[in-house]
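Right, one structure below, let's go through it.
Every number here is computed from the coordinates shown, using simple stated rules; none is lab data. No experiment lies behind these values; they were computed from the predicted model shown. Virtual Cβ from ideal backbone geometry, glycine too; neighbours counted across all protein chains shown.
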Amino acid sequence: MDWIKRNYISLLSILLVIVIAVLIFIYRHQIEKLGNLGYLGAFLISLIGSLTIILPVPGLLMLVALAASFNPVLIAVAGSTGGTLGETSGYVLGHSGRHILSSNKTYMKTEGWMKKWGMWAIMLFAFAPVLPADVAGIASGALRFPLWKFWLACWIGKTAKYVMILLASVWGWHTIIRFFPWLG
């Protein structure tokens, strides 16, 4: 019981993140309808998709569809801004529960990169499609990395990734339509 009393804020933070993830998963079909809001929809889709840590929401795929109808660079900027703010859930989780994660090998490796490379590591995690930005957020929070630096590095990495992916998808779609005009 003493352990619970000492760690109640950490436990409440973890519970809140889990509840948010479950609610987003339950209401995922309603979230998909946010695409009708254009740039604001891109922001909200990415914000909500990045709030989840446990259950992934395919927000970037929804942004690809929006980029076909709107300016892909502006969709990327709106999406990366929402996504960066959504990554705050990982930061809060790390800030509250570092001692809970200290035995996880992936987390410990990420924490080592964060100590050595700081903002560059966050940018890499936000940019690379195979590295989960959530892990960098958790490590940033646990290391008490300044939140504004985390947001800046995450936004730069996500923006670069989103711009590249959305421009490539629009270019690819236009190329397909050129060869198969009945699809457009």
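So in segment 126-172, with the set limited to residues that are within 15 Å of the chain's Cα centre (by Cα) and among the polar types (S, T, N, Q), which one is nearest to Pro72 (Cα to Cα)?
Thr159
Might you check whether a residue that is more than 23 Å from Leu66 (Cβ to Cβ), out of contact with any helix residue (DSSP H, G or I) (no Cβ under 8 Å at 6 or more places or on another chain), part of a helix (DSSP H, G or I) and not small (Gly, Ala, Ser) occurs anywhere in segment 145-159?
Scanning segment 145-159 turns up at least one residue that is more than 23 Å from Leu66 (Cβ to Cβ), out of contact with any helix residue (DSSP H, G or I) (no Cβ under 8 Å at 6 or more places or on another chain), part of a helix (DSSP H, G or I) and not small (Gly, Ala, Ser).
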